[in-house]
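Chemist: I'd like to ask you about the structure that follows.
The values are calculated or read from the model by the stated rules, or taken from the named source; none is laboratory data. Keep in mind it's a predicted model, so treat the numbers as computed, not measured. Positions of Cβ are backbone-derived with ideal geometry, glycine not excepted, and every protein chain shown enters the neighbour counts. To get the accessible areas, we keep the full protein, side chains included, count just its heavy atoms, and leave off ligands, DNA and RNA. Shrake-Rupley method; radii C 1.70, N 1.55, O 1.52, S 1.80 Å.
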Amino acid sequence: MIVRLTAFFCLFIHLVQAQPNEARSEAPKYWVLLRDKDLSSSPALSPQSIAQRQQQHLSFDETDLAVSGAYLSALKQAGIQPVCLSRWLNAVSARLTNVQYAQVMAMPFVKGIQPIDPAIVITSLEVPSKLQMAPVMTQIQAPNFAQAGLTGRFVNIGVIDAGFFGADSASSLKHVFERQGVKQVRDYVNEKKTQNNLLRTLETMSDFHGTEVMAAIAGSDPTENIQFGLATDATFYLARTDQGNREYRGEEDNWVAAMEWMDSLGVRLINTSLGYAKGMSNPKENYEPSQMDGHTSLISRAAQIAADKKGILIVVSAGNEGDDRSWRIISTPADAQGVLAIGATNSRLWNRIGYSSIGPENLPYLKPNVSCFSLYGTSLSAPVITGFAACIMQANPKLTNKQVMEIIEKSSHLYPYGNNYVGYGVPQASRALALLRNQDLPVTTRSVKATGKTFHWPVDGNEATISVFHKKDATHVLQQEAAKVNNGQLTLRRSSNEKQTTIDLKKEVVEVIWE
């Protein structure tokens, strides 16, 4: 599959000739999992990160301590060159030949070895124009945040992506760079690059991707009075972790390293529009759909550590495999319980757009968590919700990551009748503001019981088509339907396995319980 990207804002850039790739070893890459740590070492955290942890009453533990220097020395003496270190996973990544694999596995301090899945997918098919951003800004009620003075000010946002080419020249991000809103940039693909080189060197079209994601978080074009994202006044830390010219060959260890770097700086909101699924060069190492369970992949384990122990809210695109009959479900780390996985809806009915990945049925929790309109991929729905989260965090900086996540879910239009197609639906700024102010939300949901094979419900207004989710249980969708309204009445026809049905009227939700 080829990721196709086109700019949706004016870039005013000079293309720089791509630099030739450095020769790289063909030996496969692995995580080398270590048994223990030096408990006498100090946490590798900045004062800001320590202060934020203390404010949220989060304890410090072994995941904050560095990987053992003695173990690193032993690996190097054996001719093993570590690539990345993970204090969270207590692991190092390295390329190992078959002989080296056996040698490392025999070391007494090695707990195990796990292949790194390089099948990273940039979860976007096309890049939107202002014609897309206007509907989604209306859908999530962006003006309500603006009227409340919420623009993500004083909120630090991390973006882990494929590249940020032209970000400092993009008209939609001009306001961010003019106020020096990008504090640090790090390239984990080519660590020799400086910030300016990363922003101005184009190797593949994937290098636009992080720029476009950033614009969907904070973009604004005052000349045309267009708002691309909600967090126009946020501060950014950017990390490039994916090498786009290797076609889906991502670097899972780079992603974990970037997460730990942002944690050490005190960043508590991170957007990552990347996901891992299949496509390994060695098919035997592909993930299986059954492994999207929140704990099989090390990247999901790292994401869960970030959520539970570091107080970080990770906003992840659910994936674009919804139309792929061989997969269909979300990718990792969107499967981790602690992350906020974002699906994509249609603009008019707010039901699942065809490509948006579905939540696995074997999970004991709901995925995706919420959704919003994106015509061209969940890469662009996730940053919209990242901006939404930034506005909430500005309104109340004392909220924990899990409290912010809860507000976003409860503010969504289907709540509490979520499903594995769109989660709890589309977050609404008006509802989020009411929750922040401890105000009671208006009652917009009801449940009714039905018998037999058909059910009729009156529909007010001029709606000709209504979104309906036919479900096998409370959350798992059998099929979604764009149901026709005839003479002010909606008629439901129950299938043989159908236990519940959600009627989505946007301003009201009716949950039908079949008896």
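Chemist: Just name the residue that is most open to solvent (accessible area, probe 1.4 Å) out of those in segment 31-65 that are touching an Asp or Glu at 6+ places or on another chain (Cβ under 8 Å) and without any contact (Cβ under 8 Å) to a residue 40 or more places away in the chain. Before you say what the answer is, go through the steps one by one.
Modeler: Looking only at segment 31-65, we keep the residues that are touching an Asp or Glu at 6+ places or on another chain (Cβ under 8 Å), and these are 31, 37, 39, 43-45, 49, 65.
Filter again for without any contact (Cβ under 8 Å) to a residue 40 or more places away in the chain, leaving 39, 43, 65.
On the way: LEU39: 119, PRO43: 60, LEU65: 16 Å².
Among residues in segment 31-65 that are touching an Asp or Glu at 6+ places or on another chain (Cβ under 8 Å) and without any contact (Cβ under 8 Å) to a residue 40 or more places away in the chain, the one most open to solvent (accessible area, probe 1.4 Å) is LEU39.
Chemist: Moving on. So is LEU313 over 18 Å from the mean Cα position of the chain (by Cα) and under 21 Å from PRO397 (Cα atoms) or not? Working first, answer last.
Modeler: Details: over 18 Å from the mean Cα position of the chain (by Cα): no; under 21 Å from PRO397 (Cα atoms): yes.
No, not satisfied.
Chemist: Looking at segment 374-390, is at least one residue more than 25 Å from SER331 (Cβ to Cβ) and not basic (Lys, Arg)?
Modeler: Keep residues of segment 374-390 that are more than 25 Å from SER331 (Cβ to Cβ), which gives none.
No, the conditions are met nowhere in segment 374-390.
Chemist: For a quick check of your reading of the model, give me the residue pairs whose first member lies in segment 431-449 and is more than 17 Å from GLU508 (Cβ to Cβ), whose second is basic (Lys, Arg) and not in a loop (DSSP other than H, G, I, E, B), with beta-carbon atoms closer than 9 Å and at least 6 apart or on different chains.
Modeler: Every condition considered, the pairs that remain are ALA432/LYS410; LEU435/LYS410.
Chemist: What about ALA78, is it among the hydrophobic types (A, V, I, L, M, F, W, C), over 30 Å from LYS402 (Cβ atoms), open to solvent by 60 Å² or more (accessible area, probe 1.4 Å) and at pLDDT 90 or above?
Modeler: no
Chemist: Turning to a different aspect of this structure: Being small (Gly, Ala, Ser) and open to solvent by 30 Å² or more (accessible area, probe 1.4 Å) narrows it down to one of SER347, SER297, SER331, so name that one. Break it down stepwise before answering.
Modeler: On the way: SER297 fails: open to solvent by 30 Å² or more (accessible area, probe 1.4 Å); SER331 fails: open to solvent by 30 Å² or more (accessible area, probe 1.4 Å).
Just a single option satisfies the conditions, and that option is SER347.
Chemist: With respect to the numbered conditions (1) at pLDDT 80 or above; (2) within 20 Å of ASN254 (Cα to Cα), which one is the sole condition not fulfilled by LEU58?
Modeler: (2)
Chemist: Still on this structure, please answer the following. If LEU375 meets every condition in (1) modelled with pLDDT under 95; (2) in contact with a Pro (Cβ under 7 Å, 6 or more places away or on another chain); (3) within 28 Å of LEU265 (Cα to Cα) apart from one, which number is that one?
Modeler: Among (1) modelled with pLDDT under 95; (2) in contact with a Pro (Cβ under 7 Å, 6 or more places away or on another chain); (3) within 28 Å of LEU265 (Cα to Cα), the lone unmet condition for LEU375 is (3).
Chemist: Looking at segment 409-428, is at least one residue modelled with pLDDT under 95, open to solvent by 50 Å² or more (accessible area, probe 1.4 Å), more than 20 Å from ILE157 (Cα to Cα) and among the aromatic types (Phe, Trp, Tyr)?
Modeler: Within segment 409-428, the first condition is being modelled with pLDDT under 95, and the residues that meet it are none.
So far as segment 409-428 goes, no, none of its residues is modelled with pLDDT under 95, open to solvent by 50 Å² or more (accessible area, probe 1.4 Å), more than 20 Å from ILE157 (Cα to Cα) and among the aromatic types (Phe, Trp, Tyr).
Chemist: When only residues in segment 145-168 that are out of contact with any strand residue (DSSP E or B) (no Cβ under 7 Å at 6 or more places or on another chain) and buried (at least 19 other Cβ atoms within 10 Å of the Cβ) count, which is nearest to THR235 (Cα to Cα)?
Modeler: The initial filter retains those residues of segment 145-168 that are out of contact with any strand residue (DSSP E or B) (no Cβ under 7 Å at 6 or more places or on another chain), namely 145-154, 165-168.
Filter again for buried (at least 19 other Cβ atoms within 10 Å of the Cβ), leaving 145, 150-152, 165-168.
Numbers: PHE145: 18, LEU150: 14, THR151: 11, GLY152: 8, PHE165: 18, GLY166: 18, ALA167: 14, ASP168: 14 Å.
Checked segment 145-168; the qualifying residue nearest to THR235 (Cα to Cα) is GLY152.
Chemist: Can you tell me how many residues in segment 475-510 are part of a strand (DSSP E or B), closer than 19 Å to ARG352 by Cα, of a type in the set (S, T, N, Q) and out of contact with any His (no Cβ under 7 Å at 6 or more places or on another chain)?
Modeler: Count: 3.
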